[in-house]
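A short write-up of the structure that comes next.
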Amino acid sequence: MNTIMLGIGDYGASGAQGGIIKTMALGSCVAVIMLDPETKTVGMVHIALPDSSLNKEKREQRPGYFADTGIPALFKNMKDVGAGKDIRKYYVKIIGGANVLKASSVSVFEIGKRNILAVKKILWKNGTGVVAEDTGGNISRTVSVYVKTGAVGIHCPGKGDWNL
């Protein structure tokens, strides 16, 4: 079984039946998952921040780190591995965007909420939206996407496993 492991700012796509795309420890970060039902291709990006304008160097080195550059990079990667060219036909799911830091001085930034809003705005501008999501709260999530079925599994220490 082929597993693609994604870290923060990474993205990947596959059409390899039996493959898995996985990312771990989503706190305020958001995983955007794209599934092309026609070609059975799936992809995921692990987004850390909503906007790349403050860090041009990181934007160029790791476009997946930001919502505004990560979603277009994932879409291109999806097409490169055989997905269709019309993003409006994809199923898009998002996971994460939690507020895992309890300190009041940190929660003011609300990075998780800002990430969720940025992702939805970018998808909307591209003519698509989210068909399912598991976002917010104060939990860390690990996400696995199974290429053959398109199933999305979520694991949270202390809370268990569920599907989206």
What residue, among those in the stretch 111-161 that are out of contact with any Ser or Thr (no Cβ under 9 Å at 6 or more places or on another chain) and hydroxyl-bearing (Ser, Thr, Tyr), is nearest to TYR11 (Cα to Cα)?
-> TYR146
Pairing a residue in the stretch 114-128 that is farther than 17 Å from LEU49 by Cβ and in contact (Cβ under 8 Å) with a residue 12 or more places away in the chain with any residue that is part of a helix (DSSP H, G or I) and β-branched (Val, Ile, Thr), where Cβ atoms lie under 8 Å and the two sit 6 or more apart in sequence or on different chains, gives ASN126/ILE71; ASN126/ILE87; GLY127/ILE87; THR128/ILE87
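Is it the case, given these coordinates, that LYS93 is of a type in the set (Lys, Arg) and farther than 14 Å from ALA151 by Cα?
no
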Is at least one residue of the stretch 46-58 surrounded by fewer than 18 Cβ atoms within 10 Å (Cβ to Cβ) and touching a residue at least 60 places away in the same chain (Cβ under 8 Å)?
-> yes
Could you grab me the full set of residues in the stretch 52-97 that are aliphatic (A, V, I, L, M), over 15 Å from GLY9 (Cβ atoms) and modelled with pLDDT under 95?
-> ILE87
Checked against (1) assigned to a loop (DSSP other than H, G, I, E, B); (2) farther than 27 Å from GLY15 by Cα; (3) hydrophobic (A, V, I, L, M, F, W, C); (4) under 14 Å from the mean Cα position of the chain (by Cα), VAL100 satisfies every condition except (4)
Evaluation of VAL131 against (1) surrounded by 14 or more Cβ atoms within 10 Å (Cβ to Cβ); (2) without any contact (Cβ under 8 Å) to a residue 60 or more places away in the chain (one fails), failing number = (1)
Determine, yes or no, whether VAL145 is assigned to a strand (DSSP E or B) and either crowded, with 16+ Cβ neighbours inside 10 Å or among the polar types (S, T, N, Q) (or both).
-> yes
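The values are calculated or read from the model by the stated rules, or taken from the named source; none is laboratory data. All figures in this text were calculated on a predicted structure; none of them were measured in a lab. Here Cβ is always computed from backbone atoms with ideal geometry, including for glycine, and neighbour counts include all displayed protein chains.
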